Amino acid sequence: MSFQRDYEIWEERIKSVQNNELIKLREPVDVFAAKCETLAVEANKDRESLKTVGLDLTLLDELPSLTGALRYCQARWMGEFRTKKEAQEKWNAANPLGYELKSELLHFFTFAYRKSPNITKALQPMRKSSGHIDMIQNLLELGTLGKKYPEPLITIGFDLSKLDLAKDTSHSLRDLLALANGDRGSENMAKLLRDKTYTLLLNKVREIREYGRFIFWRNDKRRAKYIDS
């Protein structure tokens, strides 16, 4: 059975865990999941003994699939986290080039269109603007403007290929910024589901361990299987 299928089995019960019931992770998820899987194997060896003291054996049967659900939620959250982190790294590397290109275009445009009042007026807000969104929009506007009135730029020897570069850079930076900012709601939901799954699983694990420690109180070797190391 796949981890995704495990999650689908538990999805309704996971979502029913209340936010005020959440338990903070005390160790990496993969470490905790491995302990749960080991506990499932060891506790199943003691099924009859645990049953005699009143443990609901359903708890033992639920451990493998709920642990799989936890692994699935963790992978999904980490996938979103990594995607956002990688996008932020790419954005940090690319956005200075966008600002540099904008500065270069404004330098040439200001001179090339100095005798065109309407264009000079249109350039003024771009020179004063700041911030990532403005820079991305300005590159698109400059590329479009230069394409519409290329003659003054040709006269001063401007490389017209930079007009396409400006538009392409605007589009690529827009997409990178969107990924870098990410869908915070989606990211938070993925983490929340991971935390709810962890809480649900931990509560079941604690109960199994409690019964195990109780029944094997005079058997140190078996009791050790129910102690969180």
Those residues of the stretch 6-19 which are assigned to a helix (DSSP H, G or I) and either touching a residue at least 60 places away in the same chain (Cβ under 8 Å) or at positive phi (or both), in sequence order:
6, 7, 9, 10, 13, 14, 15, 19
Could you tell me how many of the residues in the stretch 141-162 are without any contact (Cβ under 8 Å) to a residue 40 or more places away in the chain and either within 36 Å of the chain's Cα centre (by Cα) or not in a helix (DSSP H, G or I) (or both)?
8
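Only residues that are under 22 Å from the mean Cα position of the chain (by Cα), among the charged types (D, E, K, R) and over 30 Å from residue 19 (Cα atoms): list them for the stretch 163-222, please.
Those that are under 22 Å from the mean Cα position of the chain (by Cα), among the charged types (D, E, K, R) and over 30 Å from residue 19 (Cα atoms): 174, 175.
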Does at least one position in the stretch 40-58 carry a residue that is at pLDDT 95 or above, open to solvent by 70 Å² or more (accessible area, probe 1.4 Å) and either among the small types (Gly, Ala, Ser) or touching a helix residue (DSSP H, G or I) at 6+ places or on another chain (Cβ under 8 Å) (or both)?
yes
Among the candidates 209, 222, 194, 174, which residue alone is without any contact (Cβ under 8 Å) to a residue 60 or more places away in the chain and among the charged types (D, E, K, R)?
174
Complete set of residues in the stretch 1-35 that are in contact with a Leu (Cβ under 6 Å, 6 or more places away or on another chain) and either open to solvent by 40 Å² or more (accessible area, probe 1.4 Å) or within 21 Å of residue 210 (Cα to Cα) (or both)
23, 33
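The values are calculated or read from the model by the stated rules, or taken from the named source; none is laboratory data. None of the values given here were measured: they were computed from a predicted structure. With ideal geometry, Cβ positions are generated from the backbone for all residues, glycine too; neighbour counts draw on all protein chains shown. For accessibility, only protein heavy atoms count, side chains too; no ligands or nucleic acids. Shrake-Rupley method; radii C 1.70, N 1.55, O 1.52, S 1.80 Å.
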